[in-house]
Amino acid sequence: MTSVSARPGELARVAAPAEGISADELKLAARNHGMPLEALRYDITPPGLHYLLVHYDIPFVDPASWRLTINGAVERPVELDLARLRERPQVTHTVTLECAGNGRARFLPRPISQPWLDEAVGTAQWTGTPLAPLLREAGIAPDAVDVVFTGQDHGTERGVEQDYARSLSVADATADDVLLAYEMNGMPLPPQHGAPVRLIAPGWYGMAHVKWLREITVQAEPFTGFQNATAYRLKQDADDPGEPVTRVRPKALLAPPGFPDFQTRRRIVDAGEVALFGRAWTGTGTVARVEVSTDGGASWREAELGEQAGPRAWRSWRLTWHAGMPGDYELCVRATDDRGEVQPAEQPWNRQGMANNMAQRVDVTVR
């Protein structure tokens with residue numbers, strides 16, 4: 001297997017026909033991990049099962065010496081240590097996070113990067129202090145347009161050396177539910193999830209939830225850093241500037257029924273009534289409907305929706321499948337949000353493999 005690292009200035013590479021997973025992709029897959037789909041049974045994902053993506057290295061940050069600065073186009077720059085941040089009003093939000101690259105490995109041709117299938121998701125209770133009051137105290141300049149969040153993770157990407165940094169518009173950054181979070185599921189943030197403090201921007205794909213946060217900069221001009229202007233874009237070709245990846249598209253997943261074959265992960269169930277269960281979520285509005293197909297998408301049945309733990313958390317769904325004749329089946333599941341957006345059966349392709357919410361497909365053998 002060969003290296004696929006991009007040279008300076010190159011766009012993300014797309015695999016050639018029949019090209020297998022590369023050594024570089026395996027290195028990424030060994031460092032990052034998805035949520036095992038059987039963990040959809042948990043309302044709140046345990047930290048060790050929650051999906052994880054680390055762009056560069058996990059930085060070692062001493063909580064005692066950690067500082068957060070708020071600067072740029074503000075009247076009163078701010079510097080906070082962890083103790084002062086914890087003294088501020090505290091809230092907890094239950095939020096489903098999904099990686100923007102979730103489903104990338106299902107595209108054909110395959111964009112080469114972290115090879116996610118369906119598992120780059122998880123739901124946690126994030127505790128911290130709202131960002132908006134801090135920005136108001138700093139005094140955002142009237143002409144400010146963007147708020148840039150910079151982490152302590154450092155590396156190169158397509159030849160560009162950088163600290164990981166992403167921006168939100170002033171309007172998005174000052175939304176009531178945006179948090180500076182220091183706890184996950186009631187415990188201090190684990191190192192891999194951004195300790196001591198990370199951003200939580202409910203409804204946005206995971207790239208916006210900057211980890212190991214060290215600096216917040218308010219700008220009077222649009223942010224043109226790599227992670228906004230180059231990386232997370234829906235592009236069709238090398239010359240396409242693309243559209244930015246923003247909020248999570250509607251998606252549903254099935255907790256695989258029965259038991260698996262070790263190598264293929266094909267599910268095996270007994271004929272008769274089979275309880276199907278899963279979760280669905282969206283970054284805008286709410287999930288209004290979940291449908292299940294047991295014949296590869298030829299026909300659909302509507303599932304029963306369960307409770308939702310929060311405005312930006314997944315909700316459960318369930319349906320009983322009357323599995324009759326023994327044989328092989330393809331189960332599919334799709335969600336529809338309250339704006340009428342439906343998960344597609346086949347996802348429109350993009351060069352970087354972003355925001356793929358095509359309907360999940362699960363191979364099942366009835367015995």
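So the values come out like this:
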{"quantity": "Region 272-290, residues that are modelled with pLDDT of 95 or more, closer than 20 Å to residue 357 by Cβ and not β-branched (Val, Ile, Thr)", "calculated": "276, 277, 278, 279, 280, 281, 283, 288, 289"}
{"quantity": "All positions within region 353-367 that are more than 28 Å from residue 12 (Cβ to Cβ) and part of a loop (DSSP other than H, G, I, E, B)", "calculated": "367"}
{"quantity": "Matching residues, region 146-177, being β-branched (Val, Ile, Thr), closer than 11 Å to residue 132 by Cβ and in contact with a strand residue (DSSP E or B) (Cβ under 7 Å, 6 or more places away or on another chain)", "calculated": "147, 170"}
{"quantity": "Residue, surrounded by the fewest Cβ atoms within 10 Å (Cβ to Cβ), within region 199-257, restricted to residues that are free of Cβ contacts under 8 Å to residues at least 12 places away in the same chain and outside any loop (DSSP other than H, G, I, E, B)", "calculated": "243"}
{"quantity": "Filter pass, residue 294 being touching a strand residue (DSSP E or B) at 6+ places or on another chain (Cβ under 9 Å), surrounded by 16 or more Cβ atoms within 10 Å (Cβ to Cβ), assigned by TED's automatic domain parsing to the domain that holds residue 267 and modelled with pLDDT of 95 or more", "calculated": "yes"}
{"quantity": "Test for residue 129: is it in contact with a helix residue (DSSP H, G or I) (Cβ under 8 Å, 6 or more places away or on another chain) and either part of a strand (DSSP E or B) or not hydroxyl-bearing (Ser, Thr, Tyr) (or both)", "calculated": "yes"}
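The values are calculated or read from the model by the stated rules, or taken from the named source; none is laboratory data. Bear in mind that the values here come from a model prediction, so they are computed numbers and not experimental data. So basically every Cβ, Gly included, is an ideal-geometry build from the backbone, and we count neighbours across all protein chains shown.
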